[in-house]
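Down below is the structure, laid out as structure tokens.
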Amino acid sequence: MNFYTNQREESMHRKTYASIWMFVSAVTVAACAASPGDNNRENVAASNDELAFQKLEQVQYKASCDATKAKRGEAHCHSVVAVDATGKKITAAAAPVSGTLGPPDLQGAYKIPSGGGAGKIVAIIDAQDDPTAEQDLGVYRQQYGLPACTTTNGCFKKVNQRGAASPLPATDPGWAGEISLDVDMVSAACPECKILLVEADSQSILDLGAAVNTAVSMGATTVTNSYGAGEEDWEEPPTQADPQFFQHTGVAVFASSGDSGYNHPNNGTSTRTGAAFPASGSKVIAVGGTTLATSTNSRGWAEKAWNQGGSGCSHTIAKPSWQTDTGCSRKTVADISAVALSLAVYTTTVDASQGESPGWQNFGGTSASSPLVAAIYAKTGHGADTAQAIYSNTGNFFDVTTGSNGSCSGSYLCTAGVGYDAPTGWGSPNATLLAGGSSGGTDAGPPPPPPNTCAHDKCSTGSQLVSSCDACVSQICAQDSFCCNSSWDSICQGEVGSICGQTCN
């Protein structure tokens, strides 16, 4: 079964919802038709959003990096890839998988302005080598019309944890998929930014941490880490590793929160529940995961907590003074969040022995969320921000208020709600506001289009009409202001009959 539909179809503004969503019962449709106006429209939109989320969450994924291969003291990358019912990777496609999100979608959902980011460096920290990283990145950027980012033009640079071009670590297909996801997400959010890929010799905290320090020494604007393990699993305690590797004044350091839900640090050797490290680092910006779908709301997108995104309480890192939630006595993960599901990625370094094939695949995980946010921060001039800055400027984020990533008796530690919650933090970035502009609030989208008088018939959907078009339009405008302020959608068209008593043939 193909769980995806064409994104363009999903984003068409309020097309007759009864024909798009066959899941909606006849009773619901009848009830909606009988109650025209804003309340009806909101109920229909919320119902459609939830159906879209359910469809996305039906797709099965597996971890790109095998957690069982991670020894004590080693990290597990936080990327997942779509699989079929047998648990094997879906054969790669020759073009982006239908329904997956690409740069136009991500730029629209997070209101990322054009321009900006030139000369900024987003450093990506991963373990092992992806020998085709640059070539695969070229295919991704060409597919979406992004400017080339190569070693030759100075946009892309790959080094080992000591900052040298060679020798590079051994190749690992799982981490190669992670690397492809990381460089593609940075490209989607900030096409103008430079990409510095630092490949650690191994997935130990000492090697990965050394790679972070190297990235900062090489001029990184922001640093993203898409990996983690339980705090007790590292060969060096987080209380030592945190200040040694992850606290850099003037450079924002991001880390993914994990892909195993609430209170599970996402490592095969972990026996203790809680938050993953380095996401739990005292000055690290921990990035949780969301599910993102097109919507008919003013933003144009609906977002909820991803049901597998990581959150939890640190056992070792003291609670920062600026974090005031009461459910964790120490640091709470996460701080903010971004999409972690259904992302178009191109990768060719795969494990052929497992039946994997090179090409376009459907990736996810909080490994997507961290580089995406790191690139937005670099692009919008927030590369020197601390985690504390988020808590002082919460209006710069889309508040994610629905969804859960586990069982915690409804607590904010695993359940999204208004304001701060652990799965999504303060929400996902509104890049326009971060850049100093304004997009009208926490769920804002583009301003409504200008009045379009009587450019189309009242029995046809399109831009909004004005009351002077005819007497029926005037009646509808009086009862359903949306039709004359925003768009003359299928509900407005239906109200020609329910309000005016006229028939649209």
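If I stretch the segment between VAL83 and ASP66 completely, what's the gain in nm (0.36 nm per residue apart, minus their alpha carbon distance), one decimal? Display every interim value, and only then the final one.
Values: separation 17, 0.36 × 17 = 6.12 nm, distance 1.42 nm.
The span from VAL83 to ASP66 would gain 4.7 nm if fully extended.
Considering only SER47, ALA334, SER468, the residue lying farthest towards the positive end of the dipole of the chain is SER468, judged by Cα position with unit charges set on Cβ.
For a test of the definition: using alpha carbon positions, the gyration tensor, and the 1.5 limit on a/c, classify the range 90-178 as rounded, prolate or oblate. Oblate shape, in that a/c is at least 1.5 and b/c is the bigger or equal ratio. Calculated translational diffusion coefficient of the range 136-274 (20 °C, 1.002 mPa s; Stokes-Einstein with Kirkwood radius over alpha-carbon pairs) equals 132 µm²/s. Subtracting the Cα-Cα distance of THR394 and ALA46 from 0.36 nm times their residue separation leaves 122.9 nm of extension gain. Applying D = kT/(6 pi eta Rh) to the range 58-210, where Rh is the Kirkwood radius over alpha-carbon pairs, T corresponds to 37 °C and eta to 0.692 mPa s, the Stokes-Einstein value obtained is 198 µm²/s.
Annotation: the antiparallel percentage among DSSP beta bridges lying fully within the chain is about 50.
Normalised by residue number, the volume inside the convex hull of the Cα atoms of the range 314-432 is 160 Å³ per residue. What angle do you read, to the nearest 10 degrees and between 0 and 90, between the alpha-carbon axis of helix 38-57 and the longest principal axis of the chain? Roughly 40 degrees, rounded to the nearest 10. Note that the range 333-339 has calculated 3J(HN,Hα) couplings of 10, 10, 9, 9, 7, 6, 4 Hz, one per residue in order, obtained from phi through the Karplus relation 6.51 cos²θ - 1.76 cosθ + 1.60 (θ = phi - 60°); glycine and proline are x. Counted over all Cα-Cα pairs of the chain, pairs farther apart than 43 Å make up 17 percent. A straight chain from SER357 to SER498 at 0.36 nm per residue would run longer than the Cα-Cα distance by 45.3 nm. Calculated over the range 245-326, the projected area of the Cα convex hull averaged across directions stands at 7.5 nm².
What translational diffusion coefficient, to the nearest whole µm²/s, does the range 199-244 have by Stokes-Einstein, given a Kirkwood radius computed over alpha-carbon pairs, a temperature of 25 °C and 0.890 mPa s viscosity? The estimated diffusion coefficient comes to 218 µm²/s.
Values in this text are rule-based calculations from the coordinates and carry no lab data. Quick caveat: nothing in here was measured; it's all calculated off a predicted structure. Here the Cβ is made from the backbone with ideal geometry for all residues, glycine too, and neighbour counts use every protein chain on show.
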